[in-house]
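The structure under discussion appears below in the form of structure tokens.
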Amino acid sequence: MERVGQGDKDAFSVLYDAVAATVFGIVVKVVRDRAQSEEVAQEVMIDVWRQAARYRPEQGAVMTWVATIAHRRAVDRVRSAQAAVNREHTTGVRDQVRPFDEVAEEVENRLDSEQVRRCLSGLTELQRQAVTLAYYGGLTYREVAEELRSPLPTIKTRMRDGLIRLRDCMGVTT
């Protein structure tokens, strides 16, 4: 290992022959995909070559050191793959749009419109005029009062009473 740490390619070749099968076996057990395992095993051997100078014999055998690198690298690959799957799933769920049924939407809008018209017809003429000017005409209380030539407090009362009757007629609960 000392010679490998100094960049001796022949020493690395001997080390490679000694540990490559074990490294691949460890990686296959963790990754479970042969093609990915080959890739990870290759990365492990590159790490061993680059980190050989860090090896300390007093901390354990060479095979243990290399096996630790192999296991950690394999676990990292599995976690990375799982994180990618999770990201894709999250993105897919977030980007999923609910199907839009134009016909059903149009029917619902028409039914709502019919109900509003029916309920508006149940109001007094003065209430209907005030509510229609405010909600369909976009006028303020003051503008409705000017348009109908009525005092502002009277308009506010008509609108409040009309809206209460509309709410009750449409079945809206507060």
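Entry remark, region 21-38: residues being surrounded by fewer than 14 Cβ atoms within 10 Å (Cβ to Cβ) and within 31 Å of the chain's Cα centre (by Cα) number 2 in total.
For beta carbons closer than 9 Å, sequence separation of 6+ or different chains, a first residue in region 133-152 that is closer than 16 Å to residue 163 by Cβ and a second that is open to solvent by 70 Å² or more (accessible area, probe 1.4 Å) and among the hydroxyl-bearing types (Ser, Thr, Tyr), the qualifying pairs are 134/140; 134/141.
Counting only helices (runs of 4 or more DSSP H) wholly contained in region 1-66, the ones carrying 3 or more residues that are within 30 Å of residue 81 (Cβ to Cβ) occupy 9-31, 34-51. Only one of 162, 171 is of a type in the set (Gly, Ala, Ser) and surrounded by 10 or more Cβ atoms within 10 Å (Cβ to Cβ); which? None of the others qualify; the one that does is 162.
Looking at the structure I just gave you, is residue 11 more than 17 Å from residue 69 (Cα to Cα), touching a helix residue (DSSP H, G or I) at 6+ places or on another chain (Cβ under 8 Å) and open to solvent by less than 50 Å² (accessible area, probe 1.4 Å)? Reasoning before the result, please.
Details: more than 17 Å from residue 69 (Cα to Cα): yes; touching a helix residue (DSSP H, G or I) at 6+ places or on another chain (Cβ under 8 Å): yes; open to solvent by less than 50 Å² (accessible area, probe 1.4 Å): yes.
Considered against the rule, which asks whether it is more than 17 Å from residue 69 (Cα to Cα), touching a helix residue (DSSP H, G or I) at 6+ places or on another chain (Cβ under 8 Å) and open to solvent by less than 50 Å² (accessible area, probe 1.4 Å), residue 11 comes out as yes.
Residues in region 78-97: is at least one among the charged types (D, E, K, R), assigned to a helix (DSSP H, G or I), within 42 Å of the chain's Cα centre (by Cα) and at pLDDT 90 or above? So far as region 78-97 goes, yes, one or more of its residues are among the charged types (D, E, K, R), assigned to a helix (DSSP H, G or I), within 42 Å of the chain's Cα centre (by Cα) and at pLDDT 90 or above. Within the group 161, 112, which residue is among the charged types (D, E, K, R) and modelled with pLDDT under 90? Exactly one of 161, 112 is among the charged types (D, E, K, R) and modelled with pLDDT under 90, namely 112.
Taking the conditions (1) at negative phi; (2) open to solvent by less than 80 Å² (accessible area, probe 1.4 Å); (3) not polar (S, T, N, Q) in turn, residue 79 satisfies each one other than (2).
The values are calculated or read from the model by the stated rules, or taken from the named source; none is laboratory data. Since we're looking at a predicted model, the values are computed, not measured. As a convention, Cβ positions derive from the backbone with ideal geometry for all residues, glycine included, and neighbour counts pool all protein chains shown. Each accessible area value is taken on the protein alone, full model and side chains, heavy atoms only, with ligands, DNA and RNA left out. Shrake-Rupley method; radii C 1.70, N 1.55, O 1.52, S 1.80 Å.
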